[in-house]
Structure formats: C-alpha cells, structure tokens
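Each remark here refers to the structure printed beneath this line.
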Amino acid sequence: MPVSLAENRNWRLFTIFLLYAGQGIPLGLFDFAIPAWMAVNGASAKDIGLVVAMVGIPWSFKFVAGVVMDRYTLLSMGRRRIWIIGAQAVMIVCLILFAIVDPGPRDILLLGIAGLAVNTATVFQDVAVDGLTVDILPESERSMGGGLASGGQILGMAASASFTGAVIYAFGASAAYIACAILVLLVTIHIIWTRERVGERRLPWSIGEAQDVNILAQSKSWLPLLLAALKNTLSVRSFLWFVPLLTTGLTYGTCIVAVPLIATAHTGWAEDQLGSLNGTAQLIAGLAAISIGGFAIGKIGAQRALWILRIGYMMLLSWMIWSADSWTDPRILVSFAIGWFLLYSLCGISTVVINMRLSPPAIAATQFSVFMAVANMGISLAGILVASIAVLAEPKAMLVFLVAVQAASVLVLLVVKFPTRQIGNDASVTPGGIARV
C-alpha cells in the first residue's frame, strides 16, 4: 500500500526533504555548473548575467502557479501531488530535449532558453511542494521542516553542481542534462508511490477519493482566492517582509556570478574545480541545515535568527572585500564560498518558517509562492544589474553592493515583528478563504 504523509511523521519529513532535493537538481546545473562552464570558456560577466537572469525569470512569477494550484487540482490525489508529478515529468522531457540540442558555452540565447524552460517546470514543482509543506506540517514540525526544506534543496544543488560540473568537464553539457533527468525520475517514482492522505488515489486511474479536509480548503472560484491573497499580500507585515525576501534573491544571484569570475580571473580554476568547490560548500551548508539548523532556529526563534545571520553575512562580505588583494590565494575563495552557502542555507530555514506563518491555509500555495516570487525576483534583478551597470561588472563592487542590501534587511527585521504562528489557522476556513463561524 502507498504510504500516507498525513499519518506517518518520518515519511512526511523524509518526503519533504527528498522533494526539495529534487528541485535542487536543475538548480545545481543551471545556477552553478553552467555559469562555471561558461566562465571557464571565456564568457563575460554580461553573458553569464544574462543567462542567470533568464534562468531566474520563471521564479519571479511563482504566484501565477500558486493561484492556479489553489484553484485547480485533482483532489482525489490530494491537493498537490498531481502538480508535483506533472511538473517533474515536464522537467525530465525538457532536460532530454536540451541534451539533444546541446547548446555550447557561447550560445547565450539557447542556454538562456534551456534554463528558462527547465526552471519553468521546476517552479511548478517548487510551488506544489511549498503548498504541500504548508498543508501537511503541523506547527510543531515547521522548524524541522524548514531545515529539511532548505537543507534538502541545497544538498540537491550540491550533488548536482558537483556531479554535473564533473560530467560537463569529462563528457560535455549534453551528458549533464541526461544525468539530471535520471535523478529527477527517481524522485518522481517516490512521489508517485506516496499519498498525501489515506483513501486518496496514487494515480489518476487508481481507486480512491478526495478527503474532506482538502475539499474544504480548495477554492471554488477565482475572485475570493485572489482577493484573499491580495489582501494578505498588501498587509503591512507581508509588504515589509518583501525587503528580507528581496535581499535573499539579490545575494544569491550576485554571488553565483561573482564566485566563478573570481575563481577564473584570480585563481585560474577550471569548471571541475569550481564544481567541486560549489558541491563541497553546498554539502556542508545542507548538512548543517538538516543536522542543527532547524533545531537551533526553533530554539532561537525564526526572526531573531534571521537578523543575526544577516549580520553574519555583512561581516563575511566585508572580510571578502578587505581580502581583495589576496584573491589569488584559493583558500580565500574556498572560505567565502563555504561561508555564503552556509549563511544562505540557515537563512533559508527562517525564511521558510516565516513564509508558512504568513500564508493562511486556504491560500497557502498562492501566498507562499508570492513571497518566494519576490525572493526570486531578486535573483533575476541581480543578473540584470550585473549585465547592465558597468561598475557592477567587477566582483568587488558586487560585494560592496550586497553589504548595503544586507544592512537594509537587518533594519527591517529589527523593527518589524512578524507572527510566531500561522495566521488564519485558528479557525475553520472555507474554500474561498472566509473564516467560518
């Protein structure tokens, strides 16, 4: 019999970890292995920035996927599983297709289109998994779930970045696309076997039926869903939360351009060395998130932990700027890569927890995806800024810019008080998002 997430805590947490690791597979390829491959083969900061921007575009429109998922689904398979399975199937097809096309390191448009297509499918998978996480995790498991989500995605990226970097170096980019497709297929087999709740179908043609908890939560029309999401998004707390979210994307998008440029210009590394560095840094960060991150942030508190970590970011960036004359020493780059990945991973736990708390159950996928869309807009914005502003073509200037960005985030986190429990979860909620008496 298929295992049910709602009734099995260990399986529930493992599945969340595995699904986030699955979305890390294409991210490791397009965010790290491909930019490193381009940099080693002579691509400019502008070219890499343009590809990074195109890869990030779908992530800036996650809310569209969220609205569609909160409105339409196959409830007899649960609220999210049909979307997860379908999105991962599209990811596999796109990866195989671009393995056949096989764009080269100077084929900027084709590389951008490949990243855009695969990441569009990944966005639907990500939004569905975000919605599943909010739906299925009780409050007592959310810090742990946030650690598994953040750590799982980063470990998936680590394995993918390291593995695909080595595959590209040995066999070319086409082989890396195929390798990623196989890994995503394995994750898909797992979620096909797993049910959200007892009594649901495993596949559309299997025996099963929709459960009452999902029928009540599912929206029956667009207008109440959109109005509830708009009202929640434009609340003062949600709107101010955009600043830390945007900071997350700007930091990530800038660092994935800066690191390969520093490595190639100052240390003379090849793509396999860069892939190994990224994989090692992500592995350390992911393990830290899973082993201690969720527990520690649960004890410290998500908001307090986040502003402490942001200050840590400012210190790391300032040290890297101060060390600019010593960037030829590979130990500097290794320390920075491990440091920013570790901070990114731990910040991600707090971010996921606060996102869940600011996302009412009836509009969970929509609201969560709006928040993450803002963060991902920062990634595309970073690529656009690097590609269009001449002074930001230099890695040192990129890091100075990030210090200012982190300072703005810390200010908001110190001034604004965000909720400590999920809003809208203290009363029954109708499918339209209106509290029932």
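The values are calculated or read from the model by the stated rules, or taken from the named source; none is laboratory data. If you're wondering where the values come from, they're calculated on a predicted model, not measured in any experiment. Every residue, glycine as well, gets a Cβ built from its backbone with ideal geometry; the counts of neighbours run over all protein chains shown. For the accessible areas, the whole protein counts, side chains as well, though only heavy atoms, and no ligand, DNA or RNA atoms are used. Shrake-Rupley method; radii C 1.70, N 1.55, O 1.52, S 1.80 Å.
Quick notes on this structure:
- Just one of the listed residues (ILE300, ILE292) is at pLDDT 85 or above, out of contact with any helix residue (DSSP H, G or I) (no Cβ under 6 Å at 6 or more places or on another chain) and open to solvent by 10 Å² or more (accessible area, probe 1.4 Å), and it is ILE300.
- The requirement of being more than 22 Å from GLY22 (Cα to Cα) and either open to solvent by 60 Å² or more (accessible area, probe 1.4 Å) or of a type in the set (Val, Ile, Thr) (or both) is satisfied by LEU110.
- Summed over the stretch 73-88, residues that are open to solvent by 10 Å² or more (accessible area, probe 1.4 Å), of a type in the set (A, V, I, L, M) and more than 19 Å from the chain's Cα centre (by Cα) total 3.
- Condition check for ALA324 on (1) over 15 Å from LEU413 (Cα atoms); (2) crowded, with 16+ Cβ neighbours inside 10 Å; (3) small (Gly, Ala, Ser): one failure, at (2).
- Enumerated helices (runs of 4 or more DSSP H) restricted to the stretch 330-417, each holding at least 3 residues that are under 22 Å from the mean Cα position of the chain (by Cα), of a type outside the set (Gly, Ala, Ser) and modelled with pLDDT of 90 or more: 330-357, 395-415
- Per this entry, VAL198 is not counted among residues that are touching a residue at least 12 places away in the same chain (Cβ under 8 Å) and either in a helix (DSSP H, G or I) or in contact with a Pro (Cβ under 6 Å, 6 or more places away or on another chain) (or both).
- Candidates LEU346, LEU385, LEU381, LEU399, filtered to the one that is open to solvent by less than 10 Å² (accessible area, probe 1.4 Å) and either β-branched (Val, Ile, Thr) or over 19 Å from ARG80 (Cβ atoms) (or both): LEU399
- Only listed residue being within 30 Å of VAL167 (Cβ to Cβ) and without any contact (Cβ under 8 Å) to a residue 40 or more places away in the chain, chosen from GLY339, GLY286: GLY339
- All told, VAL93 falls short of being in a helix (DSSP H, G or I), more than 22 Å from ALA43 (Cβ to Cβ), under 19 Å from the mean Cα position of the chain (by Cα) and not charged (D, E, K, R).
- Among the residues listed as SER206, SER174, the single one being modelled with pLDDT under 80 and either outside any helix (DSSP H, G or I) or open to solvent by 10 Å² or more (accessible area, probe 1.4 Å) (or both): SER206
- Within the stretch 11-44, being modelled with pLDDT of 85 or more, open to solvent by 20 Å² or more (accessible area, probe 1.4 Å) and out of contact with any Gly (no Cβ under 9 Å at 6 or more places or on another chain) holds for TRP11, PHE14.
- Qualifying residue in the stretch 311-319 (condition: within 26 Å of VAL129 (Cβ to Cβ) and polar (S, T, N, Q)): no
- Comparison of ASP70, ASP130, ASP126, ASP47 shows that the only residue that is surrounded by 17 or more Cβ atoms within 10 Å (Cβ to Cβ), touching a Leu at 6+ places or on another chain (Cβ under 7 Å) and touching a residue at least 60 places away in the same chain (Cβ under 8 Å) is ASP70.
- Qualifying residue in the stretch 327-338 (condition: buried (at least 23 other Cβ atoms within 10 Å of the Cβ) and charged (D, E, K, R)): no
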